[in-house]
Amino acid sequence: MLLKNHREFRYNECEREGVHMARSNPQNKTTQLHPEYNKQQQRKTNYQKRQRKVARNRLMLMFGVFFILVGGLAFTYHEQRQALLEKQKQSTALTEELNDQQELKKDLKVEIKQLNDDDYIAQLAREKLFLSEKGEVLFTLPKEDEKKQKNDDSSN
C-alpha cells in the first residue's frame, strides 16, 4: 500500500511539473501511459507524417517541373535540328542551281560572241537553213542517228 501511495504521489507530482510519466496498474501488471503523453506523441507522429508528405509532394512537383522543362527543351532541340537540316538542303539545292546558272551564263556569253561573228552566222545558215553562196552546191548527209535507225530497220 505504501508503494501504491508512493506511485500516486510521484504521478501527481510529475503531472504538476508537466513531466509525462506512465501509470502502472499492479492488478493486471500493465502500465498505462499518461493520456497527455499519448496525445503529444500522436501529434508528433502526425506532424512528422505531414512533413514527409509535404516533402514528397514537393519532390514530385520538382520532378514534374524538371521533366516538363527537359521535355520542352528536347522538343525545341528536335524542331530546331529539323529546321536546320531543311535549310541545309535548301542551301545545297540553291548552290547547285547557282552553279548551273553560272555555267549557262558562260555558254550564252560564248554563243553571243559567236553570233556577232559573220563567219559563224554564215555557217549556221548553211547547216540549218540550207543556204548556199553563189556557185555552191550543197549535199546533205544523214546524221549518225538516222543511219543507225535505217540499219536496224533493214536488219529486222
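SER132 satisfies every condition listed in (1) part of a helix (DSSP H, G or I); (2) in contact with a helix residue (DSSP H, G or I) (Cβ under 7 Å, 6 or more places away or on another chain) except (1). I need a count of the residues in the stretch 91-106 that are open to solvent by less than 90 Å² (accessible area, probe 1.4 Å) and either over 36 Å from the mean Cα position of the chain (by Cα) or of a type in the set (Val, Ile, Thr) (or both). Total satisfying the criteria: 3.
The values are calculated or read from the model by the stated rules, or taken from the named source; none is laboratory data. The model shown is predicted, which means the values in this text are computed figures rather than measured ones. All Cβ positions, glycine included, derive from the backbone under ideal geometry; neighbour counts span all protein chains shown. Just the protein is used for accessible areas: all its heavy atoms, side chains included, with ligands, DNA and RNA removed. Shrake-Rupley method; radii C 1.70, N 1.55, O 1.52, S 1.80 Å.
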